[in-house]
Amino acid sequence: MINWSGLPLGLALALLVAAAPAGLAADIQPHRALYSLTLDSAKSGSGVIGATGAMYYEWGETCDGWTIEQRFRLRLAYAEADNSDLSSTLVTWEAKDGLRYRFNERRLKDGEPDEDIHGEAHLDGPGKGGAAEFGRPESATITLAPGVIFPTAHTLLLIERARAGDQFISRQVFDGSTVDNASQITAVIGSQIKAGDEPNGKVGPSPVLQRPSWRIRLAFFPPNGSAELPDYELGIRLYDNGATTDMLLDYGDYVIRATLDEIEALPKPAC
């Protein structure tokens with residue numbers, strides 16, 4: 001699961017079947033990973049001619065929850081405008097029962113503060129609604145509808161449905177990346193790729209990646225539910241332990257590729 005101004009946690013991209021306790025559906029391997037960001041393609045009218053950057057992602061585990069730390073920087077080059085530098089730091093915690101979530105994200109544009117978002121959310125029970133309370137950029141409370149889930153729970157649900165052979169799933173996911181309600185995320189899941197069937201680019205053989213995986217295409221729709229087209233789409237290769245490779249973030253006019261450079265396992269807690 002990963003998140004930058006348009007990339008929810010989730011490469012954030014991350015849950016549970018509402019009736020099942022979170023954390024029991026998949027055997028997650030805590031890990032940290034480093035990705036290179038480049039321009040994969042751009043339409044002639046987009047004005048974008050290049051992109052470079054990097055992303056650091058860490059998925060940790062505590063006895064009662066999951067932690068995510070994500071940092072990224074991206075420079076976009078334009079044909080007829082100045083380059084734009086974007087950066088973000090995101091830290092979240094999500095309870096293993098899927099009912100509580102804390103989020104803190106700070107984004108910069110060209111070295112100047114762009115957004116500073118902080119808050120926490122809760123659900124009243126599995127499958128029930130709840131609320132999200134924002135402390136920054138301003139105090140606000142949003143009601144979460146029944147069926148809404150949080151990002152790590154979403155990743156666990158994707159893994160469980162992929163294992164079951166499902167090819168399509170759509171859920172409302174709240175990640176706190178904007179002062180707005182949950183987004184509708186639809187996922188198209190490909191056939192299972194057996195462990196070791198494909199090389200892993202620069203990384204080479206890694207114990208973290210010697211696992212079954214699936215190619216998944218995610219479409220992110222705005223909260224109001226009236227849009228026919230998604231805000232953006234994300235293609236990933238998701239492993240059954242939560243690791244992610246081969247990411248493509250499609251904004252329509254241009255596509256950013258995230259290539260895995262390094263990955264290592266982190267210890268699980270002794271609970």
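The values are calculated or read from the model by the stated rules, or taken from the named source; none is laboratory data. Being a predicted model, the structure only gives us computed values, none of them experimental. Positions of Cβ are generated from backbone atoms using ideal geometry, with glycine treated the same way; all protein chains shown enter the neighbour counts.
Below is a table of values for the structure above.
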{"quantity": "Answer from GLY165, GLY196, GLY176 - the residue that is assigned to a loop (DSSP other than H, G, I, E, B), of a type outside the set (A, V, I, L, M) and closer than 30 Å to ALA132 by Cα", "calculated": "GLY176"}
{"quantity": "Selection from region 24-52 of residues that are part of a strand (DSSP E or B) and charged (D, E, K, R)", "calculated": "ARG32, ASP40"}
{"quantity": "Among the candidates VAL179, VAL148, residue that is surrounded by fewer than 19 Cβ atoms within 10 Å (Cβ to Cβ) and touching a Phe, Trp or Tyr at 6+ places or on another chain (Cβ under 6 Å)", "calculated": "VAL179"}
{"quantity": "Some residue of region 3-11 being within 19 Å of the chain's Cα centre (by Cα), outside any strand (DSSP E or B), of a type in the set (S, T, N, Q) and at pLDDT 50 or above", "calculated": "no"}
{"quantity": "Residue within region 211-220 that is over 27 Å from GLY50 (Cβ atoms) and surrounded by fewer than 15 Cβ atoms within 10 Å (Cβ to Cβ) present", "calculated": "no"}
{"quantity": "Some residue of region 169-182 being aliphatic (A, V, I, L, M) and over 22 Å from GLU115 (Cβ atoms)", "calculated": "yes"}
{"quantity": "Any hit, region 237-246, residues being more than 21 Å from GLN29 (Cα to Cα), under 18 Å from the mean Cα position of the chain (by Cα) and of a type in the set (A, V, I, L, M)", "calculated": "no"}
{"quantity": "Answer residue from region 76-88, given it is of a type outside the set (Phe, Trp, Tyr) and loosely packed, with under 15 Cβ neighbours inside 10 Å and is farthest from the chain's Cα centre (by Cα) among those", "calculated": "GLU80"}
{"quantity": "So ASP64, is it touching a Gly at 6+ places or on another chain (Cβ under 7 Å) and over 19 Å from ASP180 (Cα atoms)", "calculated": "no"}
{"quantity": "So ASP116, is it farther than 19 Å from ILE256 by Cα and either touching a Pro at 6+ places or on another chain (Cβ under 6 Å) or surrounded by fewer than 16 Cβ atoms within 10 Å (Cβ to Cβ) (or both)", "calculated": "yes"}
